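Peer 1: For reference, the structure I am asking about is given below.
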Amino acid sequence: MSEMPILQVKNLHTSFFTDAGEVRAVNGISYNLDRGKVLGIVGESGSGKSVSAYSVMQILTDTGRVTEGEILFNGDNILKYDDKQMAAFRGSKISIIFQDPMTSLNPVFTIGNQLREAIRIHTDRNKEEIQARALEMLQLVGVNEPEKRLKQYPHELSGGMRQRVMIAMALACEPDILIADEPTTALDVTIQAQILELMQDLQKKMGMAIIMITHDLGVIADMCDEIIVMYAGKVCERGTADEIFYNPRHEYTKGLIRSIPRLSEKHEKLVPIAGTPVDLLNLPKGCAFASRCDRAMKICLREHPEEIRVNENHIAACWANVLQMYEEEQGGTNA
Amino acid sequence: MSEQKHLVDVRNLKQYFTVKSGVLEKLQLKAVDGVSFTIDEGETLGLVGESGCGKTTVGRTILHLYKPTGGEVWFDGKQVTDKNIGSFRKDMQIVFQDPYSSLNPRMTVSDIIGEPLDIHHLYANKKERADRIAELLNIVGLNSEHANRYAHEFSGGQRQRIGIARALAVKPRFIVCDEPVSALDVSIQAQIINTFEELQEKLGIAYLFIAHDLLVVQHMSRRIAVMYLGKIVEIGPSADIIGKPIHPYTESLISAIPMPDPEAARHKHRIILEGDVPSPLRMPKGCPFRTRCRYATKACEESCPELREVEPGRFVACHNR
């Protein structure tokens, strides 16, 4: 048996209790994150990919609550932590960077102020050491003229620079896990390339595990060892990057891959996924994707498919696989 | 004028904005600085570039939503000016990026789509108006029963369809599509892209397709123009621009696309550009790209390279290529 995964999420359910009713954003997802690996979570808006990460950080809004499940960090259930333990845990063991670097930095404090605060809270360094660490972090993330930047305010920096500062802040205490929630979505392509390169570089240097949340299949393919595809708060499919891209076994994943344009000489029509995403207030009884699925069967409307192991590196929750396996078995006995 | 008649002919278009900086200082922001291109009947020209490069401004200036600082716009052989733009509005339309802010929340769908019909007097009686609205909704893949609802009752993709129906109402021959799919989810994006393509096949509309997503642009367009800081740095057939980019900026832009293909990602060599785009208020002298270019020489500092034809139909603005 290999080493224990750094993070284990088991049957996690997270709901938001709103005036309109219970919005079931995450409906029983499970995954393991190994030390030093990059796990990608991909899905459309409302698929629960961000909420699943916010649940791990315990930074849900007032109406949100984990209703079921376990989140084990090094075998320790963090859902049992009190506020104080949780505050010590956040930032030092797990950090997060958000999509929009403008709104996630405080506009009335200098970069230095915010960066030093992150270091001060989680370590017992003295003033000079904190300052030195702040400078070191800015250099590490490739911010030019770091002394000057420490005195500047967020609005004086470009989007790419702000995201670098966010990364510096998140990594200042050398966390074991970095959660990146759409870290490059607000950035231009060339700046996105810089940030992705930086993250890969830092991951090699510091050896932390990364949970990469994005809707961009390109970013996922570029960065991740393992991928989780989410739809309506559930895991459709989980596997290595190669398995997900070259051997997708859930109709939703197949649809996603077919619907992105590719670089190619000849013009091929895109095959979109018909229909619109489900209403999380009224989740259907069976598979949430059934109403948009070309290959939906009767059972798909009635029962949610279990996660089925396709092979060593691949799990998918789709009834079509059960059918396929059954047919293969039948074919086998007939032959 | 060239022997071949183009539907849209943009010549040396300039759009400068005056920006206050400090108390007395006024600076000129050259959002679009001498842009020329043509679009043929039923053709799609893709316009790509990063934020702040002026691509949206180009689209809006063509339609005279901003009064151009300089240059000319010709449509179907006639020059478009401030005075006669009203008569061209029927032929030139726009679809905006944000389907949330571009639809009036206090108007029903039939009001939104009907407004251009009212303005251009495109119906004889009420029934004809209602029929036309129903027809337009069907064309863009919505239900005619949706006509009496308000915009907030629709999802992002459906709203974008309403925006497209509004643009189609006057039977335009040319539509500026300003980042029409970038606010949408991947699966919905593909639906809207297909809708644009089908409309072009059926109605022969020409598009100026503005986007920052190169994968989407190359899928949609026969030709692509790449912009950087108010100037076109390269323009040519899509396959050539993507397959063998010539301008150093295009080259790095294409290498920076994250490929949805793990195998390609492993073997790809990203050309990482140093630093950020300079402020358009304080543009570097000479070639605007030289501050981030790995091939920059003395000549790039001295003068700004002009677009020149390197292959038939392929124009590049670079001293070193």
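Readers should treat all values here as calculations from the given coordinates under stated rules, not as data from a laboratory. Note that the coordinates shown come from a computational prediction; the quantities given were computed from them, not determined experimentally. Every residue, glycine among them, receives a Cβ derived from its backbone with ideal geometry; neighbour counts consider all protein chains shown.
Peer 1: When a/c reaches 1.5 or more, the comparison of a/b and b/c decides; with that in mind, is the protein assembly as shown rounded, prolate or oblate per its Cα gyration tensor? Spell out each step's value before the answer.
Peer 2: Numbers: a/c = 1.74, a/b = 1.21, b/c = 1.43.
Judged from the Cα gyration tensor, the protein assembly as shown comes out oblate (a/c at least 1.5, b/c at or above a/b).
Peer 1: If you place +1 on the Cβ of every Lys and Arg, -1 on the Cβ of every Asp and Glu, and leave all else neutral, what size is the dipole of segment A:44-167 about its Cα centre, to the nearest 20 Debye? Can you show the working numbers first?
Peer 2: On the way: 16 positive and 16 negative charges, 59 e Å.
Approximately 280 debye in magnitude.
Peer 1: Same structure, new question: Put a dot 7 Å past each Cα toward the Cβ at A:Leu323 and B:Ile272; how far apart are the dots in nm?
Peer 2: Roughly 4.7 nm, to one decimal.
Peer 1: Run the simple label-point estimate for B:Glu128 and B:Leu24 please: 7 Å along Cα→C-beta, distance reported in nm.
Peer 2: Rounded to a tenth, the inter-label distance reads 6.2 nm.
Peer 1: Please sort by residue number the GluC sites (Glu not before Pro) in segment A:143-200 whose DSSP state is loop and whose Cβ has at most 13 other Cβ atoms within 10 Å.
Peer 2: Answer in residue order: no site qualifies.
Peer 1: Taking each residue in A:220-227, count the Cβ atoms of any other chain within 10 Å of its Cβ, then average. What number comes out?
Peer 2: Values: counts 4, 9, 11, 3, 2, 1, 0, 1.
So the per-residue partner count for this stretch is 4.
Peer 1: Could you check which residue among B:Ser182, B:Ser279, B:Ser51 shows the biggest mean-square fluctuation in a GNM of chain B with a 10 Å Cα cutoff?
Peer 2: B:Ser279
Peer 1: If we count other beta carbons within 10 Å of each Cβ, what is the order of A:Ser52, B:Ser255, A:Ser15, fewest first?
Peer 2: On the way: A:Ser52 26, B:Ser255 17, A:Ser15 22.
Ordered by Cβ neighbours within 10 Å, fewest first: B:Ser255, A:Ser15, A:Ser52.
Peer 1: Related question: Which chymotrypsin sites (Phe, Trp or Tyr not before Pro) from segment B:262-321 combine a DSSP loop assignment with at most 16 other Cβ atoms within 10 Å? All intermediate terms of the calculation are to be shown ahead of the outcome.
Peer 2: Values: sites: B:Phe289, B:Tyr295, B:Phe315; in loops: B:Phe289, B:Tyr295.
Here the chymotrypsin sites (Phe, Trp or Tyr not before Pro) that fit, given the DSSP loop and packing criteria, are B:Tyr295.
Peer 1: Further question: To the nearest 20 debye, what is the magnitude of the charge dipole of segment B:205-286 about its Cα centre, counting +1 on the Cβ of each Lys and Arg and -1 on the Cβ of each Asp and Glu? Mind dumping the intermediate values first?
Peer 2: Numbers: 9 positive and 8 negative charges, 45 e Å.
Value, rounded to 20: 220 debye.
Peer 1: To the nearest whole number, what is the average tally of beta carbon atoms from other chains within 10 Å of the beta carbons of peptide B:14-23?
Peer 2: Details: counts 0, 0, 0, 0, 0, 0, 0, 0, 0, 0.
For peptide B:14-23, the averaged partner shielding equals 0.
Peer 1: Still on this structure: So what's the net charge close to B:Asn194: Lys and Arg +1, Asp and Glu -1, counting the other residues with Cβ under 14 Å from its Cβ? Before the final figure, lay out each step's value.
Peer 2: On the way: positive: A:Arg258, A:Lys269, B:Arg161, B:Lys202; negative: A:Glu268, B:Glu197, B:Glu198, B:Glu201.
Residues close to B:Asn194 contribute a combined charge of 0.
Peer 1: Which order results if B:Cys53, A:Cys173 are arranged by neighbouring Cβ count within 10 Å, fewest first? Intermediate values should be presented prior to the final figure.
Peer 2: Working: B:Cys53 27, A:Cys173 17.
Ordered by Cβ neighbours within 10 Å, fewest first: A:Cys173, B:Cys53.
Peer 1: Per-residue ellipticity at 222 nm for chain A, helices alone: DSSP H runs ≥ 4 residues times -39500 (n - 2.57), over residue total, nearest 500 deg cm²/dmol?
Peer 2: After summing the helix terms and dividing by residue count, I get -10500 deg cm²/dmol.
Peer 1: If you don't mind, there's one more thing I want to ask. Any idea what the dipole of chain A comes to, in debye rounded to 20, about its Cα centre with Lys/Arg Cβ at +1 and Asp/Glu Cβ at -1?
Peer 2: Values: 36 positive and 46 negative charges, 82 e Å.
So the magnitude is around 400 debye.
Peer 1: A follow-up question, please. Nearest 10 degrees is fine. How inclined is helix A:189-206 to the longest principal axis of chain A, computing both from alpha carbons?
Peer 2: With both axes taken from Cα atoms, the answer is about 80 degrees.
Peer 1: Using the alpha-carbon centroid of each, what span in Å lies between segment A:83-141 and segment A:28-73?
Peer 2: 22
Peer 1: Which residue, chosen from A:Thr276, A:Asn11, A:Tyr31, occupies the Cα position most advanced towards the positive end of the dipole of chain A, where the dipole is computed from +1 (Lys, Arg) and -1 (Asp, Glu) charges on Cβ about the Cα centre?
Peer 2: A:Thr276
Peer 1: Across the residues of B:209-219, average count of Cβ atoms on other protein chains within 10 Å? Provide the component values of the computation, followed by the final result.
Peer 2: Values: counts 0, 0, 0, 2, 5, 3, 5, 3, 1, 5, 9.
Partner-chain Cβ atoms within 10 Å, mean over residues of B:209-219: 3.
Peer 1: If you don't mind, another one. Tell me the GluC sites (Glu not before Pro) within segment A:1-60 that lie in a loop according to DSSP and have at most 15 other beta-carbon atoms within 10 Å. Don't jump to the answer; show the numbers that get you there.
Peer 2: Values: sites: A:Glu3, A:Glu22, A:Glu44; in loops: A:Glu3, A:Glu44.
The qualifying sites are A:Glu3.
Peer 1: For chain A, what is the relative contact order in percent, using Cα pairs closer than 8 Å and at least 6 residues apart in sequence? Please list the in-between numbers first.
Peer 2: Details: 580 pairs, mean separation 65.6, N = 335.
Relative contact order here is 20 percent.
Peer 1: Give me A:His267, A:His250, B:His64 ranked fewest to most by other Cβ atoms within 10 Å of their Cβ, as a rough exposure proxy.
Peer 2: Details: A:His267 13, A:His250 26, B:His64 18.
So the residues, fewest neighbours to most, are A:His267, B:His64, A:His250.
Peer 1: Additional query: Once the other residues with Cβ under 12 Å from the Cβ of A:Pro5 are scored (Lys, Arg +1; Asp, Glu -1), what is the net sum?
Peer 2: -1
Peer 1: Could you tell me the center-to-center distance, by alpha carbons, between segment B:126-141 and segment B:1-47 in angstrom?
Peer 2: 35
Peer 1: Same structure again: Could you state the angle between the C-alpha long axis of helix B:109-119 and the longest principal axis of the C-alpha atoms of chain B, as a value from 0 to 90 degrees rounded to the nearest 10?
Peer 2: 80
Peer 1: Please check: in the Gaussian network model of chain A (C-alpha springs, under 10 Å), which one of A:Ala87, A:Ala232, A:Ala25 has the largest mean-square fluctuation.
Peer 2: In this elastic network of chain A, the residue with the biggest mean-square fluctuation among A:Ala87, A:Ala232, A:Ala25 is A:Ala87.
Peer 1: What net charge do the residues around B:Ser87 carry, taking every other residue with its C-beta under 14 Å from that of B:Ser87, with Lys and Arg at +1 and Asp and Glu at -1?
Peer 2: On the way: positive: B:Lys78, B:Lys83, B:Arg89, B:Lys90, B:Arg173; negative: B:Asp76, B:Asp82, B:Asp91.
Here the charged neighbours net out to +2.
Peer 1: Let me ask another. So, R0 is 25 Å and r is the distance between the beta-carbons of A:Asp76 and A:Lys148; what FRET efficiency does that work out to, to 0.05?
Peer 2: On the way: r = 42 Å, r/R0 = 1.66.
Here the calculated transfer efficiency is 0.05.
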